[in-house]
Amino acid sequence: MTGWLTPDEWGVVALSLRVSLAAVLFTLPLAYALAWLLARRRFPGRILLDALVHMPLVLPPVVTGWLLLLLFGRNGPVGGWLEANFGVTLVFRWTGAALAAAVMALPLMVRAMRLSIEAVDRRLVSAARTLGASPWRAFLTITLPLSAPGIAAGAMLGFARSLGEFGATITFASNIAGETRTLPLAIYSGLQLPGGEALVTRLSIISVVLSVAALVVSEWLVRRSAGARAHVL
Amino acid sequence: MSFDVSLRHGIGERQIDLAFISTARLTALVGPSGAGKTTVLNCIAGLIRPDEGRIAVGDHVLFDSATGLFLPPERRRAGYVFQEGRLFPHLRVAANLAYGERLAPAEDRWIGQGEVTDLLGIGHLLHRMPATLSGGEARRVAIGRALLSGARFLLLDEPFASLDAARAEEILQLVERIRDELAIPILLVSHDRTEVDRLAGQVVPMA
Amino acid sequence: MFARLADLLRAFALIMLLSLVAACGAPSQPENATAGKGPVVLAAASLQEALTEVAGAWAAQGHPAPVLSFAGSSALARQVEQGAPADLFVSADEEWMDVLDRQGLVRPGTRADLLSNRIVLIAPADGTAKSLADLGDGRLALADPDAVPAGKYAKAALEHLGQWAAVSGRIAPAENVRAALALVERGEAPLGIVYATDARASGKVRLVETLPEDSHPPIRYPVAILSASTHPDAAALRAFLASPEAMRIFASHGFGTVE
């Protein structure tokens, strides 16, 4: 089996998995916080926040990549600050690819989590309050566990999306072998070379298998949570 | 121990204006549906902040608009048994019962799980998930959970609703036993006058 | 929940219907040879400004404007291999033209070397690097050295100068020389190697050093008519590209002649 892909190609798969995993893990708390804010809180500018969160979903990925470049490039406000204070650069690094993937995955994760938080009956939270739970404890013991299937589903969806992320990655992090050349970029590079069909076919098969697996797991998790466990009985 | 409640609160188009003092062991709040009885319970439990008024149970002032005092629900020690039960679906019965108990300071826990399960006859249900309980069983677990949370007083919202006659009678007898054996004041909401007359030491009508 | 799904499906169906109507309603693209469009020219990315101006001069003479597509020569060669309906191909090195020639994709007798160029080491306009030694932690931007001509010339030059081994692990390969230029312009890469004509076309980079001409194979831009060409103007355009007027325009952008 290991002879089917060259070591370089296995490296591409490993890099893709690492980038996607990092993207999802680091975005998870932010996605949940945003989901909770949008599900449970009314505040001025709420619709704006909702639109902002969904922007990467509807903007052309290249535009998102370019905006990332403006912000996180070496000359950008955040990128320049990171470099000056921590010596951290994101362009050309796998962390930059992870950031691009994270931004593209965020809207999907927020949507899935928001749905599951909204499905948690607020009367259960009030009941917990009357039993002596502070708002934070009620959140930890009631809302969080009951929305957990949504967290898992959102994470899987975000992971699948990250695996397929191309436009923002290549625009922001560039196409550096071993650092940012994830599966989609490697396939694209292969397409640019005359005679790259075999490589493209092999990598594409892997890409399809990984994406389908992630989607199947995500669907299964959504169905599990749809067992109306979050409702008052 | 007494309920000393006066409150004014607008909800939707209705205006609730209620004042009563009761030292009875069990006080009943009666009125047609839509009168705002559940709202009154929510105000006493701290889930709603009334526009104006003062709420005290025993020596403890829970709310006073004149001084701006408003205790959050988790500090009121109210044992609220909701009309819909509101058992936590992801926890077994035993964990539901223990939920409030674990949060109550030791000195406030005046009753133990053994006594509660005996009184309510729910000992055989401890390992069950709430979704598998019948209406009557769920109602009893809800009462047990409220008692175990270190409650200083009980709020019962339509405790006999949606139960067949036999189950309702069971719950009724339970409430009688709680009223008589446990020294905890009860405020009960009902639209059924017959149940109320049987249990209540004082009846407060709502328009 | 069901109501939302139904609404979603309805909206989706409406969008699909509208798209279909728009697609059907749009005037169908005429094939190459019909009125309006000139020959399709696939050209190396470094020719962007110069060839656009030459094509404009051609159109000013009353001919239908050529359709220009710029990319790395390797990517263009691939498109031709895959059967892209193009008329002319201008590559940035002989090798990609050879690849097509060997497969019979080039019309015999139409191939010739059109232009020459030099490669240079550049830095951002406000950058401080004075030579490759100043690369430090940064990356050297260049076109993909495995496939794209500009990158291949750069690698050959650095190998010849004994500097390739030191930098080969610290490159930022771009898919064409203009993308490499952009990396340096933005300051993401402290140094880059591009064509002299690219450095000249950009106002945001500073020339650090011109690489010695003898350190790499001579940079030649061959042009040819492709076998698949059907446009009646193809041969005339091909001739125009070599004309004195076109050569004047190329020279004004910094390209050298070959003769």
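What about A:GLY45, is it crowded, with 20+ Cβ neighbours inside 10 Å, over 27 Å from A:THR182 (Cα atoms) and over 21 Å from the mean Cα position of the chain (by Cα)? No: the conditions fail for A:GLY45.
Would it be correct to say that A:ALA23 is surrounded by 15 or more Cβ atoms within 10 Å (Cβ to Cβ), among the aliphatic types (A, V, I, L, M) and at pLDDT 95 or above? Spell out how you get there, then give the answer.
Details: surrounded by 15 or more Cβ atoms within 10 Å (Cβ to Cβ): yes; among the aliphatic types (A, V, I, L, M): yes; at pLDDT 95 or above: yes.
Taking the combined requirement at face value, the residue satisfies it.
Under 17 Å from the mean Cα position of the chain (by Cα), more than 27 Å from B:SER33 (Cβ to Cβ) and not in a loop (DSSP other than H, G, I, E, B) - does that describe any residue in segment B:72-92? For segment B:72-92, residues under 17 Å from the mean Cα position of the chain (by Cα), more than 27 Å from B:SER33 (Cβ to Cβ) and not in a loop (DSSP other than H, G, I, E, B): present.
Among the residues of segment A:32-50, which ones are of a type outside the set (Gly, Ala, Ser) and not in a loop (DSSP other than H, G, I, E, B)? Talk me through it step by step, then tell me what you get.
Here is the first cut: in segment A:32-50, the residues of a type outside the set (Gly, Ala, Ser) are A:32, A:34, A:36-38, A:40-44, A:46-50.
Across segment A:32-50, the qualifying residues are A:TYR32, A:LEU34, A:TRP36, A:LEU37, A:LEU38, A:ARG40, A:ARG46, A:ILE47, A:LEU48, A:LEU49, A:ASP50.
Being away from chain B (no Cβ under 14 Å) and within 16 Å of A:ALA23 (Cα to Cα) is the requirement here; does A:ALA101 meet it? Yes: the conditions hold for A:ALA101.
The single condition among (1) in contact with a Pro (Cβ under 8 Å, 6 or more places away or on another chain); (2) part of a helix (DSSP H, G or I); (3) at pLDDT below 75 that C:TRP58 does not meet is (3).
Residues in segment C:222-255 that are under 19 Å from the mean Cα position of the chain (by Cα) and over 15 Å from C:VAL54 (Cα atoms): C:PRO222, C:ALA224, C:ILE225, C:LEU226. Which residues, counting only those in segment B:76-91, are touching a residue at least 12 places away in the same chain (Cβ under 8 Å) and either more than 16 Å from B:GLY135 (Cα to Cα) or of a type in the set (A, V, I, L, M, F, W, C) (or both)? Within segment B:76-91, B:ARG76, B:ARG77, B:ALA78, B:GLY79, B:TYR80, B:VAL81, B:PHE82, B:LEU87, B:PHE88, B:LEU91 qualify. When residues in segment C:201-219 are screened for being among the hydroxyl-bearing types (Ser, Thr, Tyr) and in contact with a strand residue (DSSP E or B) (Cβ under 6 Å, 6 or more places away or on another chain), 1 of them pass.
Quick one: which strands (runs of 3 or more DSSP E) sit completely within segment B:134-207 and have at least 2 residues that are in contact (Cβ under 8 Å) with a residue 24 or more places away in the chain and surrounded by 20 or more Cβ atoms within 10 Å (Cβ to Cβ)?
On the way: elements: B:153-157, B:186-190, B:202-205.
Answer list for segment B:134-207: B:153-157, B:186-190.
None of C:ARG206, C:ARG200 is assigned to a helix (DSSP H, G or I), out of contact with any Pro (no Cβ under 6 Å at 6 or more places or on another chain), of a type in the set (Lys, Arg) and surrounded by fewer than 23 Cβ atoms within 10 Å (Cβ to Cβ) except C:ARG200. The set of residues in segment C:159-178 being surrounded by fewer than 21 Cβ atoms within 10 Å (Cβ to Cβ), among the aliphatic types (A, V, I, L, M) and assigned to a helix (DSSP H, G or I) consists of C:ALA165, C:ALA166, C:VAL167. When A:VAL62, A:VAL91 are screened for being within 14 Å of chain C (Cβ to nearest Cβ), in contact (Cβ under 8 Å) with a residue 24 or more places away in the chain, surrounded by 15 or more Cβ atoms within 10 Å (Cβ to Cβ) and β-branched (Val, Ile, Thr), only A:VAL91 passes.
Considering only residues of segment C:163-219 that are among the polar types (S, T, N, Q) and more than 10 Å from chain A (Cβ to nearest Cβ), which is farthest from C:ASP137 (Cα to Cα)?
For segment C:163-219, the residue satisfying everything is C:THR197.
Which of the following residues is buried (at least 22 other Cβ atoms within 10 Å of the Cβ) and farther than 30 Å from C:ALA143 by Cα: A:LEU124, A:LEU115? Before you say what the answer is, go through the steps one by one.
Numbers: A:LEU115 fails: buried (at least 22 other Cβ atoms within 10 Å of the Cβ).
The match here is A:LEU124.
Can you find even one residue in segment C:224-234 that is at positive phi, away from chain A (no Cβ under 14 Å) and modelled with pLDDT under 95? No - not one qualifying residue is present in segment C:224-234. Taking segment B:93-127, which residues are within 10 Å of another protein chain (Cβ to nearest Cβ), in a loop (DSSP other than H, G, I, E, B) and in contact with a helix residue (DSSP H, G or I) (Cβ under 9 Å, 6 or more places away or on another chain)? The one that is within 10 Å of another protein chain (Cβ to nearest Cβ), in a loop (DSSP other than H, G, I, E, B) and in contact with a helix residue (DSSP H, G or I) (Cβ under 9 Å, 6 or more places away or on another chain): B:ALA104.
Being over 13 Å from the mean Cα position of the chain (by Cα), in a strand (DSSP E or B) and in contact (Cβ under 8 Å) with a residue 24 or more places away in the chain is true for just one of B:ILE21, B:ILE16. Which residue is that? Before you say what the answer is, go through the steps one by one.
Numbers: B:ILE21 fails: in contact (Cβ under 8 Å) with a residue 24 or more places away in the chain.
Only one candidate passes the filter, namely B:ILE16.
In segment B:39-64, the residue that is nearest to the other protein chains (Cβ to nearest Cβ) out of those that are surrounded by fewer than 17 Cβ atoms within 10 Å (Cβ to Cβ) and part of a loop (DSSP other than H, G, I, E, B) is B:ARG49. For A:LEU68, the conditions (1) touching a residue at least 60 places away in the same chain (Cβ under 8 Å); (2) in contact with a Lys or Arg (Cβ under 7 Å, 6 or more places away or on another chain); (3) within 30 Å of C:VAL184 (Cα to Cα) are fulfilled apart from (2). For segment A:195-231, the tally of residues that are buried (at least 20 other Cβ atoms within 10 Å of the Cβ), at pLDDT below 85 and within 14 Å of chain C (Cβ to nearest Cβ) stands at 2.
Can you find a residue that is small (Gly, Ala, Ser), within 11 Å of another protein chain (Cβ to nearest Cβ) and in contact with a Gly (Cβ under 6 Å, 6 or more places away or on another chain) anywhere in segment A:127-143? Yes, segment A:127-143 contains a residue that is small (Gly, Ala, Ser), within 11 Å of another protein chain (Cβ to nearest Cβ) and in contact with a Gly (Cβ under 6 Å, 6 or more places away or on another chain).
Any idea which residue in segment C:129-158 is surrounded by the fewest Cβ atoms within 10 Å (Cβ to Cβ), counting only those that are part of a loop (DSSP other than H, G, I, E, B) and free of Cβ contacts under 8 Å to residues at least 60 places away in the same chain? Quick ask: steps written out before the conclusion?
We begin by selecting, within segment C:129-158, every residue part of a loop (DSSP other than H, G, I, E, B); these are C:129-131, C:136-139, C:144-148.
Now narrow it down to the ones that are free of Cβ contacts under 8 Å to residues at least 60 places away in the same chain: C:136-139, C:145-146.
Numbers: C:GLY136: 10, C:ASP137: 8, C:GLY138: 19, C:ARG139: 25, C:PRO145: 21, C:ASP146: 13.
Within segment C:129-158, the match that is surrounded by the fewest Cβ atoms within 10 Å (Cβ to Cβ) is C:ASP137.
What helices (runs of 4 or more DSSP H), lying completely within segment A:101-219, carry at least 3 residues that are over 17 Å from the mean Cα position of the chain (by Cα)?
On the way: elements: A:122-130, A:135-138, A:148-163, A:167-172, A:183-192.
Hits in segment A:101-219: A:122-130, A:135-138, A:183-192.
Could you look through segment A:183-194, keep only residues that are closer than 19 Å to A:PRO61 by Cβ and out of contact with any Phe, Trp or Tyr (no Cβ under 8 Å at 6 or more places or on another chain), and pick out the one that is modelled with the lowest pLDDT? Quick ask: steps written out before the conclusion?
Step one: list which residues in segment A:183-194 are closer than 19 Å to A:PRO61 by Cβ, which gives A:183-189, A:191-192.
If we keep only those that are out of contact with any Phe, Trp or Tyr (no Cβ under 8 Å at 6 or more places or on another chain) too, we end up with A:183, A:186-187, A:189, A:191-192.
Values: A:LEU183: 94, A:ALA186: 92, A:ILE187: 93, A:SER189: 87, A:LEU191: 83, A:GLN192: 79.
Filtering first and then ranking leaves A:GLN192.
Close Cβ contacts (under 6 Å, 6 or more residues apart or on different chains) running from residues in segment B:51-62 that are closer than 13 Å to B:PHE153 by Cα to residues that are loosely packed, with under 14 Cβ neighbours inside 10 Å and at pLDDT 95 or above are absent.
The values are calculated or read from the model by the stated rules, or taken from the named source; none is laboratory data. All figures in this text were calculated on a predicted structure; none of them were measured in a lab. A quick note on method: Cβ atoms are made from the backbone with ideal geometry, for glycine too, and the neighbour counts reach across all protein chains shown.
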